[in-house]
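No lab work stands behind these numbers, since they all come straight from the coordinates. Predicted model, so just to flag it, every value in this text is computed and none were measured. Quick reminder, even Gly has a Cβ in these numbers, built from the backbone with ideal geometry, and neighbours come from all protein chains shown.
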Amino acid sequence: MEMYSPSDFRADVAVGLAFSASPFFEPFAIPLLLEKLRSDLPLAKIDSLKYLSYCTENFGADRMAKHAEAIWNSLRAVIYNLSKEPLFSLASDLSNSKHFQGNAITDEALVLLQKLVSQQNNGFLNSILEDEAVNGLINVITVSGNSQCSPSQQEQKLCAVGNVLSVVAKASTTSCNRVFETVLPRLLGTLGVSSDMSVEDAVARDNNLTCQRQNFNALYLCVEILSACRELAFESVRQSSNSFLSDAWCRMLASFSSSLVKAFACSLVTSANEVYHGADISLRVKGLQILAAFPGAYFPVSKSVFESILVKLVSNVTENFSMTYLWKASLNTLVNIGIFLEEYPVPEKLQSYMAVVVGRIILLISQEDSTMPYALILEAISDISSGGHTFKLRIVQGVQEAILAKFSNVFVCILTYLWVLLDLSAQYESLDCCFYKVYEFNRFCMLNRLVDGDLKSTAELEQLLQCYSNNFQNTKGSEAVSLCFAIDVWDKIQAVTGVSLSDERKNLLLEVAAKFGLVVQELLNAAMMALKLAVAICTEEDQHKIVENAFNVISSNEPFSSDFMPSQLERLQISQDVGNFTRRDEWLISLFASVIIALHPTTPIPHTRAVIQILLTAFLKGHVASAQALGSIVNKMPLKGSELWNSSSFCLDEALDLIFKTSVGSCSDLVLSNSSEISDCLNAVDFQVHCIEGLAWIGKGLLMRGHEKVKDITMIFLKYLVTSSEEDARPDKQSVLETSEEANELPSLRKAAADAFYVFMSDAEDCLNRTFHATVRPLYKQRFFSTVMPILMSAAKKLDSPTLRSMLYLAIGHVISNTPLLAVLTEAKKLLPVLLDVMSLVSEDILNKDLVYNLLLVLSGLLTDKGGQEAAAENAHVIINCLTKLVSYPHKMLVRETAVQCLAAMSGMPYARIYPMRAQVLRALSKVLDDPKRAVRQEAVKCRRSWGTYWYCVLRQGTGI
């Protein structure tokens, strides 16, 4: 025992074994323990009850029978005096499928009582069931018909009697039969349910049963007894026996289960007891759950009764959503029933649950006339899916079908609406006049209804896509469903994009869509994420089918056809005219890019060259998702030709040559040209910005896999930040830019180059991550940091112009803030001065508030590290100057809070370093004490106290006090 038990448990077991070591101890041990049970000390009561349980098991029924009455009298006093549980708390426990839990003394008393009931004969059972407290309460309930409890004493007695009846009912089959024969009929009569009629008579009576005011006390005791007999049935199932089906209590339950379900359900919406409204609802739905979750097939609860329970609960969810407590309780009960069916599967019940619950909830998603808020529908379907994997697979399929249906409806609605508006616009001089007439005179009611319906469908589709992405993305076994979903998406796209429109009508469509906002960016983003997640969980073979289908759809449209694409790409390079996508083309290329992003590295991409050309054309026009897709391709593509990828052995080097020839050459031409050439190229600044933004994602893909070509892309960005800046700073070149009307466009190029370093180092959520199977080389951020930081820091020292330096510092800030802290700590002494300069400079622009916060987090990490503290001590005055400015930073509360925390950390620096700055710190903190945010004020108080305590200790040490 010493080897296998913890010390405190060994002591309890040892004492228990000592009391029950020999049957000869019985005449002395039991009276001693009963006397100890009367102690006022709670621990003494608990010990006594535990040891009595040991003795009950070891002494046997005959010896314990002599003490049964004395033990019951002692237990009676403990249970009835200590069962204090507010009914509101009880309601919470029941609604969460938890059995009532009293205090530790009551729990031990109930354990002992259950052992005695299962051990002793009918005489002991009679003494419990005929007890004055039990009969007295039941008489009050049945005779007076009082439906409410008194505030205190009656609640205590109700909980105690409920505990006793529950323990007795689940102790044995005999005791359960006695409870059903003697106690339960009286309680059921109070609820208007008869227990002594046949099943046929009960069904006939149910048809005429009307809802009436019901007794809360009787309701509670009935639920406790039903819960106990259900536990008894489960115990029989665990022993691989269904003997409970032939028990008397089971047959009785089968006879009145239908009436009992109606009694539980009839007053759910308008609860009879206003005082305990929440508890009343919880008890009723708990009773329905108990009846629905009996083990085995349709006995004692028949199929019709089981389905009626499900129908009632589903109707509460779909119709009574305005009653929050009832809605939540019913939904949780349905989830618990689903969990039960998943754990104890019965084919007949699973089929009923799938049809009544899952099928009805799925139907709500696509229902256009449902009064239930769409957000609640999605919440309900998400909760129901958590009931079991079987239900989740069916729900995933239903959600995807609903997405496809709404996806098609939204597109059809948009096209129909636009055609109607175009026909109307022909009657007026301009499109704006048409808008004015529509709104001013409200003559086109059909059009207005179409607009409202389309906006509603668009919003619902967006919510549905987000729900799918958040709740069903990692569902195992849904690969086949996801394949069908992705294929069907492209089939729908092909169907709705087959409409041929003239250029004039296309432009009008774009203008109308922009004014009415029918196809919002949020909807497109949600659709892209849902499609990416669906493709990501598919196998390589299925992904290949999806890509093939998507390519066929997109290449069948003229802007992306294989015949038109090379010439378009060549013209785009020459003209550098960015142009715009139509809304339809934007959806096409966005969803196509989503498919490419989510592929496995081993998934072959058909027509690789054509795919890259399509994505190149899109990203040169500023389409970010296409650049992300190209980054994913170069991140996952094999180094050499592979039979899996392409029969023509199109490899990574060829892909990079194609990408660099198209995009990098254009960027390099501008960077390496002289000033007059720069001025000539300024009309293509947008094109160059798109090149830089796209190359950033391509470079990120190469960086993550550790490919050496990332150096070439990095050098392009550095030339924008360094080489071009140095030329601009020369006197003979500066005048050219100053006389140019568009010279102010050059900072946008440098800003894009600086932001490219953020793309390199940050963790992307939309692409190039583990979810979408990116190739990630370990420590790639640390390697890039150690390579590029010396170059950036060296360039920063050579720049004098604050305007030019700001973009370089912005790039440095992105690199430092996104590098793992341990790598930064190794270079703390070199980086800290630069970090402070960067933080001071970027804090001047409100757009950099997140970067300022991230840099402050790096600084706080340095201040808490031993090596970083040494570097901080050498730059204490610079750090404090920077922090005293940031404690009043108006644009972000977290910046102010973190700056104050860093000041508090600075109070522990050497005295000689920080003493000259003490007055400055206290002045800054005095202003922070009036900060509008409480968290900042609290940190300011702590910081002021830490500085005051520090100087008090210093003065004491100096004066020797």
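Mind pulling up the Rg/Rh value for segment 755-895? Radius of gyration and Kirkwood radius, both on Cα.
Ratio of gyration radius to Kirkwood radius: 0.97.
Sorted from largest down, what three extents in whole angstroms do the Cα atoms of segment 323-389 have along their principal axes?
For segment 323-389, the Cα spread along each principal axis is 35, 25, 16 Å.
As a quick test, which of the pairs LYS170/LYS312; LYS532/LYS892; LYS262/LYS349; LYS892/LYS942; LYS621/LYS781; LYS711/LYS866 have an alpha carbon distance above 23 angstrom in this structure?
LYS170/LYS312; LYS532/LYS892; LYS621/LYS781; LYS711/LYS866
Using R₀ = 22 Å, calculate the FRET efficiency as 1/(1 + (r/R₀)^6) where r is the Cβ-Cβ separation of MET715 and ALA764; round to 0.05.
0.45
For the residues CYS229, CYS882, what sequence is obtained by ranking on other C-beta atoms within 10 Å, fewest first?
Lowest to highest Cβ neighbour count: CYS882, CYS229.
Per-residue counts of other Cβ atoms within 10 Å, averaged by peptide: what ranking do you get for 600-610, 279-289, highest first?
279-289, 600-610
Please compute, over every Cα-Cα pair in segment 802-961, the percentage with a separation greater than 26 angstrom.
Looking at segment 802-961, the distances longer than 26 Å represent 26 percent of pairs.
Please arrange MET761, MET715 by how many other C-beta atoms lie within 10 Å of their C-beta, fewest to most.
The most exposed by this proxy come first: MET715, MET761.
Would you calculate the separation in nanometres between label points at ALA133 and LEU922, each defined as 7 Å from the Cα along the Cα-to-beta-carbon direction?
According to this spin-label approximation, the distance is 6.7 nm.
Counting other beta carbons within 10 Å of each Cβ, put VAL759, VAL842, VAL489, VAL941 in order, fewest first.
Taking fewest neighbouring Cβ atoms as first place, the list is VAL941, VAL842, VAL759, VAL489.
So, R0 is 45 Å and r is the distance between the beta-carbons of SER556 and ALA375; what FRET efficiency does that work out to, to 0.05?
Efficiency computed from Cβ-Cβ geometry: 0.75.
Roughly how big is segment 831-961's charge dipole about its Cα centre, with Cβ charges of +1 (Lys, Arg) and -1 (Asp, Glu), in debye to the nearest 20?
Charge dipole, segment 831-961, about its Cα centre: 620 debye, nearest 20.
Compute and list, largest first, the equivalent-ellipsoid semi-axes of segment 278-374 from the alpha carbon gyration tensor, each √(5λ) rounded to a whole angstrom.
For segment 278-374, the ellipsoid semi-axes come out as 23, 17, 10 Å.
Just subtract the alpha-carbon distance of SER386 and LYS545 from 0.36 nm times their residue separation and send over the number in nm, one decimal.
Computed gain between SER386 and LYS545 is 54.2 nm.
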